[in-house]
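Notes for the one structure printed next.
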Amino acid sequence: MVKAATDGRYPVRVSGPLALSVHPFRLELMRCGFTPRSSQDHAYVLADLSRWLEHRGLAPDQLTAGRVEEFVQARRDAGHRRWLSDRSLRLMLGFLRDAGVVPLQQLVAVEGPVEGVLEEYRVYLRRERRLGEGTVRGRVDVARGFLTAQLVDGQLRLDRLGPESVAGFILDTSKRYATGSMKAVTSSLRALLRFLFVTAAIDRDLAAAVPSVAGWRLSQLPTGATADAVPVLLESCDRTTPLGRRDFAILLLMARLGLRAVEVARLRLEDLDWRGGELAVRGKGGRVDRMPLPAEVGAALADWLRHGRRPSVFREVFLRTIGPDAPIACQSVVTVPRCASLRAGIPVVAAHQLRHRAACQVLASGGTLGEVAQLLRHHSEETTAIYAKVDMAALAPVVRPWPMAGER
């Protein structure tokens, strides 16, 4: 049994075959830009892995992809709430691989029948359908879940695939997804079934067997943040810290200009025209729109750039505040208003609700649907038609009075 004391450093004492790698791993993370606390947390997981190997009498060269999955499951069973997937352990496993502690081939999962089909499907979506990487990832994720459900004793039995299998998968998935998400699942599944038919993997086109999702356009009201939620979210940001300055600027861009999370993540330094008081927004489909830069938003951006953003080779406005130098991910932007809601102690406000709130404020101030369409940068005013339902001033003249008792 190997034991290593760390002279008061975190973790204080580690046992197991990976004990001597724990503190170097922590130092490497700090060198890459992770905070001491985050580095300590990652080191604790490596210490946990070392003890897990020791308990099972395993050496480092026996740490295969299958063993990693067993370790992750053991953490779940123990009630841990973080580092519960192979992907969350990639920094640790990459360090062990680069240090030569664990052979590279040991950590590479053996390609199964599902992964083989998925790789062909990726190529088809990219080359034949010319889809973007984000769309490809989403469709492949749905395909992986569906194909995995067709495994029988480790074999992919597409010859047994029929309408019952398709309907059963949709029914089971619908228990975990909302209506909007299920529409994406069904369209992705139809695309997969057409691919399987075109490549002769199945002998009939089962795309028609995918049931439709009961949900209609313009059937619901746009749900925006409440009038008093935005000030509370902004107040929750500690603007004495880089993270607080960054989150404050992101929230203002969403709440005042109605920017999507992906548009915030794509914002670059050259998109800010300080003299002209404008910014360029890189939207869907490669579209670039110029919008006015309000003084409040500009001041928040300047505060982040001058006092929060660390020196970087990247041109994106918003960067990660911890870890290696890199632009902020779209998903991280999505979590900004959610985390601010938790800090403020209010119901969770989603990123898109801030966009809806900006549109509703235009209407409440006497603006038109055309002005809302310009703010939200919709390609067609038909997309903006849903906001007609919340334009109370315009709807009031056409509302008929409620009949009183005795009247027909």
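The values are calculated or read from the model by the stated rules, or taken from the named source; none is laboratory data. Since we're looking at a predicted model, the values are computed, not measured. Note: ideal-geometry Cβ built from the backbone for every residue, glycine included; neighbour counts use all protein chains shown. Accessible surface is based on the protein model in full, side chains and every heavy atom, while ligands, DNA and RNA are left aside. Shrake-Rupley method; radii C 1.70, N 1.55, O 1.52, S 1.80 Å.
Taking every residue in the range 129-147 that is free of Cβ contacts under 8 Å to residues at least 24 places away in the same chain and pairing it with any residue that is open to solvent by 90 Å² or more (accessible area, probe 1.4 Å) and assigned to a helix (DSSP H, G or I), at least 6 positions away or on another chain, the pairs with Cβ-Cβ distances below 7 Å are V136/R126. If you go through the range 282-309 and keep only what is within 24 Å of R338 (Cβ to Cβ) and at pLDDT below 90, you end up with R282, G283, K284. Only one entry in E111, E119, E128, E164 is modelled with pLDDT under 85 and acidic (D, E), namely E111. Cβ separations smaller than 9 Å between residues 6+ apart or across chains give the following pairs from the range 227-245 residues that are among the hydroxyl-bearing types (S, T, Y) to residues that are modelled with pLDDT of 90 or more and assigned to a loop (DSSP other than H, G, I, E, B): S236/G345; T241/G308. Taken over the range 310-347, the criterion of being open to solvent by less than 40 Å² (accessible area, probe 1.4 Å), closer than 16 Å to L269 by Cβ, in a loop (DSSP other than H, G, I, E, B) and of a type outside the set (A, V, I, L, M, F, W, C) is satisfied by S312 alone. Scanning the range 270-281 for residues that are over 19 Å from D247 (Cβ atoms), touching a residue at least 40 places away in the same chain (Cβ under 8 Å) and open to solvent by less than 60 Å² (accessible area, probe 1.4 Å) yields a total of 2.
Does G145 qualify as being part of a helix (DSSP H, G or I), surrounded by 15 or more Cβ atoms within 10 Å (Cβ to Cβ) and either of a type in the set (A, V, I, L, M) or touching a helix residue (DSSP H, G or I) at 6+ places or on another chain (Cβ under 9 Å) (or both)? Against the criterion (part of a helix (DSSP H, G or I), surrounded by 15 or more Cβ atoms within 10 Å (Cβ to Cβ) and either of a type in the set (A, V, I, L, M) or touching a helix residue (DSSP H, G or I) at 6+ places or on another chain (Cβ under 9 Å) (or both)), G145 qualifies.
Does A265 satisfy the criteria of being under 20 Å from the mean Cα position of the chain (by Cα), surrounded by 13 or more Cβ atoms within 10 Å (Cβ to Cβ) and under 23 Å from V349 (Cα atoms)? The answer is yes for A265. Scanning the range 15-73 for residues that are of a type in the set (A, V, I, L, M, F, W, C), in contact with a Pro (Cβ under 8 Å, 6 or more places away or on another chain), surrounded by 13 or more Cβ atoms within 10 Å (Cβ to Cβ) and farther than 14 Å from M92 by Cα returns L53, L58.
Just to be sure I understand, how many residues within the range 152-164 are touching a helix residue (DSSP H, G or I) at 6+ places or on another chain (Cβ under 9 Å) and open to solvent by 70 Å² or more (accessible area, probe 1.4 Å)? Total meeting the criteria: 2.
Within the range 286-301, the set of residues being outside any strand (DSSP E or B) and either touching a strand residue (DSSP E or B) at 6+ places or on another chain (Cβ under 9 Å) or touching a residue at least 24 places away in the same chain (Cβ under 8 Å) (or both) comprises R287, L293, P294, E296, V297, G298, A300, L301.
Let's see how each residue does on (1) over 30 Å from D325 (Cβ atoms); (2) over 31 Å from the mean Cα position of the chain (by Cα); (3) among the hydrophobic types (A, V, I, L, M, F, W, C):
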{"site": "G16", "(1), (2), (3)": "yes, yes, no"}
{"site": "L20", "(1), (2), (3)": "no, yes, yes"}
{"site": "E28", "(1), (2), (3)": "no, no, no"}
{"site": "F34", "(1), (2), (3)": "no, no, yes"}
{"site": "V45", "(1), (2), (3)": "no, no, yes"}
{"site": "Q73", "(1), (2), (3)": "yes, no, no"}
{"site": "F95", "(1), (2), (3)": "no, no, yes"}
